[in-house]
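Trainee: Before I ask anything, here is the structure I am working with.
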Amino acid sequence: TYLVGHSMGCQAIQRYLESLPEGVLLGGAVLVAGWINDPMWEGRTDEELKVVEDWFDVPKDYDKIKSHCKQFVSIFSTNDPFILKSNWDEARDLVGAEVVILENRSHFDDDAGIKELPEALDAILLLSK
């Protein structure tokens with residue numbers, strides 16, 4: 001099983017992995033434009049802040065997260081308005097992700113004109129080998 005998440009979906013994947021019973025191991029996860037442990041707080045509305053803060057009420061157990069997933073790939077953009085660059089290192093350090101940095105793709109969303117992300121498919125193919 002391979003999981004792919006975008007933005008807050010990456011948090012959902014991490015929480016899901018953390019909740020799995022001992023011995024369950026997934027093949028891999030691709031995390032696109034997702035924060036690991038350091039969200040962007042500036043410029044968010046009160047409603048957005050409430051949603052983001054809720055993800056951090058309970059600290060994550062990164063050892064447990066890693067124990068349920070063989071490999072991670074995290075894909076970031078150099079000009080993402082929502083993801084701090086500190087997440088690039090956190091992805092590598094906290095979950096052992098291979099980090100892919102793409103130029104000027106913003107948040108990989110409709111506002112950025114992104115309709116396809118072949119790098120995510122490449123990551124899944126890499127994980128499945």
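Trainee: Scan region 64-83 and tell me whether some residue there is more than 30 Å from Glu103 (Cβ to Cβ), loosely packed, with under 15 Cβ neighbours inside 10 Å and out of contact with any Gly (no Cβ under 7 Å at 6 or more places or on another chain).
Mentor: Yes, region 64-83 contains at least one residue that is more than 30 Å from Glu103 (Cβ to Cβ), loosely packed, with under 15 Cβ neighbours inside 10 Å and out of contact with any Gly (no Cβ under 7 Å at 6 or more places or on another chain).
Trainee: Could you list all residues from region 1-41 that are open to solvent by less than 40 Å² (accessible area, probe 1.4 Å) and hydroxyl-bearing (Ser, Thr, Tyr)?
Mentor: Ser7
Trainee: Report yes if some residue within region 54-68 is assigned to a strand (DSSP E or B), within 13 Å of Met8 (Cα to Cα), at pLDDT below 95 and in contact with a strand residue (DSSP E or B) (Cβ under 9 Å, 6 or more places away or on another chain); otherwise report no.
Mentor: Scanning region 54-68 turns up no residue that is assigned to a strand (DSSP E or B), within 13 Å of Met8 (Cα to Cα), at pLDDT below 95 and in contact with a strand residue (DSSP E or B) (Cβ under 9 Å, 6 or more places away or on another chain).
Trainee: Go through region 23-51 and report how many residues are free of Cβ contacts under 8 Å to residues at least 40 places away in the same chain and either in contact with a Lys or Arg (Cβ under 8 Å, 6 or more places away or on another chain) or of a type in the set (Asp, Glu) (or both).
Mentor: The qualifying residues number 4.
Trainee: Any idea how many residues of region 96-127 are more than 20 Å from Leu3 (Cα to Cα), in a helix (DSSP H, G or I) and open to solvent by less than 90 Å² (accessible area, probe 1.4 Å)?
Mentor: Qualifying residue count for the region: 1.
Trainee: Within the set of pairs 6 or more residues apart or between chains, which connect a residue that is more than 17 Å from Gln14 (Cβ to Cβ) inside region 77-96 to a residue that is surrounded by 13 or more Cβ atoms within 10 Å (Cβ to Cβ) and among the hydroxyl-bearing types (Ser, Thr, Tyr) with Cβ atoms less than 9 Å apart?
Mentor: Partner pairs satisfying both residue conditions: Ser77/Ser106; Asn79/Ser106; Asp80/Ser106; Pro81/Ser106.
The values are calculated or read from the model by the stated rules, or taken from the named source; none is laboratory data. Keep in mind the model is a prediction, meaning the values are calculated, not measured. Note: ideal-geometry Cβ built from the backbone for every residue, glycine included; neighbour counts use all protein chains shown. SASA here: full protein model, heavy atoms, side chains in, ligands and nucleic acids out. Shrake-Rupley method; radii C 1.70, N 1.55, O 1.52, S 1.80 Å.
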